[in-house]
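Q: Dropping a structure here in structure tokens format, bear with me for questions.
The values are calculated or read from the model by the stated rules, or taken from the named source; none is laboratory data. Here the structure is a predicted model, which means the values were calculated and not measured. Note: ideal-geometry Cβ built from the backbone for every residue, glycine included; neighbour counts use all protein chains shown.
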Amino acid sequence: MRYVIAGNSYAAVGAVESIRARDPHGEIVIISDEPYRAYSRPLITYWIAGEVRKDQLDYRPAAWYERNRIQTRLGHRVTQVDPPNRQVVLEDGEAVAYDRLLICTGGTPIVPPIEGADAEGVFTMTRFDDARAFKAWCEQEHVEAGAIVGGGLIGLSVFKAMKGVKIKLTLVELLDRVLGLALDHDSSAMIEAALRRAGVDVRTASGAEAILKDERGRVRAVRLKGGEEVPCQTVVMAVGVRPNTGLLKESGIQINRGVVVNERMETSVPGVYAAGDVAEAYDVVNEQHQVIAILPLAYEQGRVAGANMAGGGRVYPGGIALNSLPIFDLPLMTMGITLTDGHPNPSTGSGRVLDVLVHSGDGVYRKLVFQGDRLVGAILVGNVAHGGVLTWLIRSKLPVTHDRQALLTGDPLEIEIARQLNAVEKSGPWVRRTAAGPAVRERDV
């Protein structure tokens, strides 16, 4: 059996490890347009800031490829998938045959079509080569000020890089708040305050109209809607990514926003699988297929795809949108449905009735979103205690029938008491009797 994997990141690693657990002898070929071993993409801004070394970026060591007997074709781009002939075609015209194929080509950064986007000093920030080019430019041009276009997760992760090269920062965001697709107004205001405390000039509700060049074609400023010019010598475009599906144009494989897959991570063409940021997989909260571009799900989807490529019968249970990162001194987690205030969010468009609990004060904001007795979303700012418990409750769809207040405040003792009460209730028939103080449960005999 010959397994070909187009892509060399988390989904590819998961697939290889799953294939080898079932097929120790099959031929595995990994093809990637990057010349590097699998590395941790979220750490590239930490590398720019000098907080991690290059070798610390490796997601798996060099020996991993040898140990799993992987043939690597690094620095080669797959430009076409040809299912009728069971082959992929590389940029140089070479055809590589497969018995089973996994597409895990990730996402492509979106560069908005604004004037001056081709200026020297304009970068995206999703790959290590982006990080290298950005760092070299800042050092070579003695950059003093930089702008980030986009106030989402990619944009905020870039701040660490810019602080690392010690330049003045300006954030330009078209929406009326930072992280506007994940945070409500109150939680976003806390993040914006943290950015301002760190010296960031935050410009919300103010998109970039043009990037202005000097006489040598280099960035000299960003012009905002309304005409104001913000002087800078570098710009990072961080408005988002789209699934990298260009290689599938004439393949006959079904594509919506991403590659459509079933519960086995198999595409509409038998023998061809997809996983990671390129795939539309099942979202357990919204109960529909959509792209959820986060690291743990890419690896998990790769594991499922690899198992089935090797003849297994594994099913992907589904995932949820989940993000966790520090914004300077402020920890942040979001998961599932987070927006309930009427702002655009595809996850709240089903007409479902949602209940919201909020706890805030002393630099902490915790919001839990329930649908009936199920937890379906959360925002945690300042105190992310038991974020893993909340994630598990959302994914498992278990009813939350006891002290929601404990989950809301993050009190570990109260959470454990509620968990024990929930377990006891399931062991037999119980009735609730209210006494002075907390509710008491007593066996009904």
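Q: Of the residues that sit in segment 114-152 and are in contact with a Ser or Thr (Cβ under 8 Å, 6 or more places away or on another chain) and charged (D, E, K, R), which one is modelled with the highest pLDDT?
A: Among them, the one singled out is ASP130.
Q: Considering each of TYR299, TYR273, TYR282 in turn, give the residue that is under 21 Å from THR108 (Cβ atoms), within 18 Å of the chain's Cα centre (by Cα) and not hydrophobic (A, V, I, L, M, F, W, C).
A: None of the other options fit; the residue is TYR299.
Q: Please go through segment 253-267 and give me each residue that is surrounded by fewer than 16 Cβ atoms within 10 Å (Cβ to Cβ) and under 24 Å from GLY311 (Cβ atoms), ordered by number.
A: Hits for segment 253-267 are GLN254, ASN262, GLU263.
Q: On to the next question. Any residue in segment 195-213 that is more than 30 Å from SER360 (Cα to Cα), touching a residue at least 12 places away in the same chain (Cβ under 8 Å) and among the basic types (Lys, Arg)? I'd like the intermediate steps shown before the answer.
A: Applying the first criterion (more than 30 Å from SER360 (Cα to Cα)) to segment 195-213 yields 207-213.
Now narrow it down to the ones that are touching a residue at least 12 places away in the same chain (Cβ under 8 Å): 207-213.
Imposing the further condition that a residue be among the basic types (Lys, Arg) reduces the set to 213.
Yes, segment 195-213 contains at least one residue that is more than 30 Å from SER360 (Cα to Cα), touching a residue at least 12 places away in the same chain (Cβ under 8 Å) and among the basic types (Lys, Arg).
Q: Please pick out the residue among ASP130, ASP118 that is charged (D, E, K, R), out of contact with any His (no Cβ under 8 Å at 6 or more places or on another chain) and buried (at least 17 other Cβ atoms within 10 Å of the Cβ).
A: Of ASP130, ASP118, the one residue that is charged (D, E, K, R), out of contact with any His (no Cβ under 8 Å at 6 or more places or on another chain) and buried (at least 17 other Cβ atoms within 10 Å of the Cβ) is ASP130.
Q: Here is a further query. Any idea which of VAL358, VAL431 is modelled with pLDDT of 75 or more, hydrophobic (A, V, I, L, M, F, W, C) and not assigned by TED's automatic domain parsing to the domain that holds ASN286? Steps first, please.
A: On the way: VAL431 fails: modelled with pLDDT of 75 or more.
After ruling out the rest, the residue left standing is VAL358.
Q: Under the condition of being in contact with a Gly (Cβ under 9 Å, 6 or more places away or on another chain), small (Gly, Ala, Ser) and outside any loop (DSSP other than H, G, I, E, B), which residue from segment 162-207 is surrounded by the most Cβ atoms within 10 Å (Cβ to Cβ)?
A: Looking at residues that are in contact with a Gly (Cβ under 9 Å, 6 or more places away or on another chain), small (Gly, Ala, Ser) and outside any loop (DSSP other than H, G, I, E, B), I get SER188.
Yes/no per residue for (1) assigned by TED's automatic domain parsing to the domain that holds VAL149; (2) within 30 Å of ILE19 (Cα to Cα); (3) not polar (S, T, N, Q); (4) not in a helix (DSSP H, G or I):
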position	(1), (2), (3), (4)
VAL230	yes, no, yes, yes
LEU247	no, yes, yes, no
SER251	no, yes, no, yes
ARG257	no, yes, yes, yes
ALA281	no, yes, yes, yes
HIS289	no, yes, yes, yes
ALA293	no, yes, yes, yes
ALA298	no, yes, yes, no
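Q: What single numbered condition from (1) more than 25 Å from ARG127 (Cβ to Cβ); (2) in contact with a Lys or Arg (Cβ under 8 Å, 6 or more places away or on another chain); (3) surrounded by 18 or more Cβ atoms within 10 Å (Cβ to Cβ) fails to hold for ARG20?
A: Here ARG20 clears every test but (2).
Q: Answer yes if at least one residue in segment 93-114 is touching a Gly at 6+ places or on another chain (Cβ under 9 Å), of a type in the set (Phe, Trp, Tyr) and not assigned by TED's automatic domain parsing to the domain that holds GLN254, and no otherwise.
A: No, that holds for no residue.
Q: Using beta carbons and a limit of 9 Å, which pairs, at least six apart or on different chains, have the first residue in segment 59-84 and touching a residue at least 12 places away in the same chain (Cβ under 8 Å) and under 28 Å from GLN254 (Cα atoms) and the second one buried (at least 16 other Cβ atoms within 10 Å of the Cβ) and acidic (Asp, Glu)?
A: Taking only residues 6 or more apart or on different chains, the pairs are LEU74/ASP33; LEU74/GLU34; GLY75/ASP33; GLY75/GLU34; HIS76/ASP33; ARG77/ASP33; VAL78/ASP33.
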